[in-house]
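As structure tokens, the structure follows; a few thoughts come after it.
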Amino acid sequence: MEFSRKLLAATILLSFILSLGACASHFIDVRPGSEQVSVAQPNQVVNCATKGKLTVSVLNRIGFFTRSVEAVEANLLQLARNGATDAGVDTVVKQDSAKYGERTFAIYKCRP
């Protein structure tokens, strides 16, 4: 009986933590205009005006669980698009990342 209660408690706790990880991707708002921000490769922005860099970060772990690379990258990209909208630019280019859960984006104004 004691083993069953511990197993049930562990199962409930694990389910709760996993659901938090799934929800973490949905905590980032899509700001109006951010869907218009393009993600480009460095060779695609040679005729654009450089406007600086933007560094964004998200949680890469929830409790003992590491979030998936896809979820973390999607969150970083959405934060970059939101930041680009705030900065009045229309294009972002991913830079190398030194840390999982953090990324720097170069930001550009490409459209008139």
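Here the spin labels are modelled as points 7 Å beyond Cα on the Cα-Cβ line, and at Asn47 and Val69 they lie 3.4 nm apart. Packing-based ranking of 52-60, 40-48 yields 52-60, 40-48, ordered from highest to lowest mean Cβ neighbour count within 10 Å.
Please give me the summed charge of the neighbours of Asn47: other residues whose Cβ is under 15 Å from its Cβ, Lys and Arg +1, Asp and Glu -1.
+2
The stretch between Ile62 and Asp86 holds 5.8 nm of extra length on full extension. This uses 0.36 nm per residue minus the Cα-Cα distance. Would any residue of the stretch 69-85 have its amide N under 17 Å from a label point 7 Å out along Cα→Cβ of Phe27? List them or say none. What the label zone holds, given the 17 Å backbone N cut-off, is 69-80.
Put a plus charge on the Cβ of each Lys and Arg, a minus charge on the Cβ of each Asp and Glu, and nothing anywhere else: the dipole of the stretch 68-112 about its Cα centre is then about 160 debye. Electrostatic bookkeeping for Asp86 treats Lys and Arg as +1 and Asp and Glu as -1; over the other residues with beta carbon under 13 Å from its beta carbon, the sum is +1.
FYI, it's all coordinate maths here, none of it is from the lab. From a predicted model like this one, the values you see are computed outputs, not experimental measurements. Every residue, glycine as well, gets a Cβ built from its backbone with ideal geometry; the counts of neighbours run over all protein chains shown.
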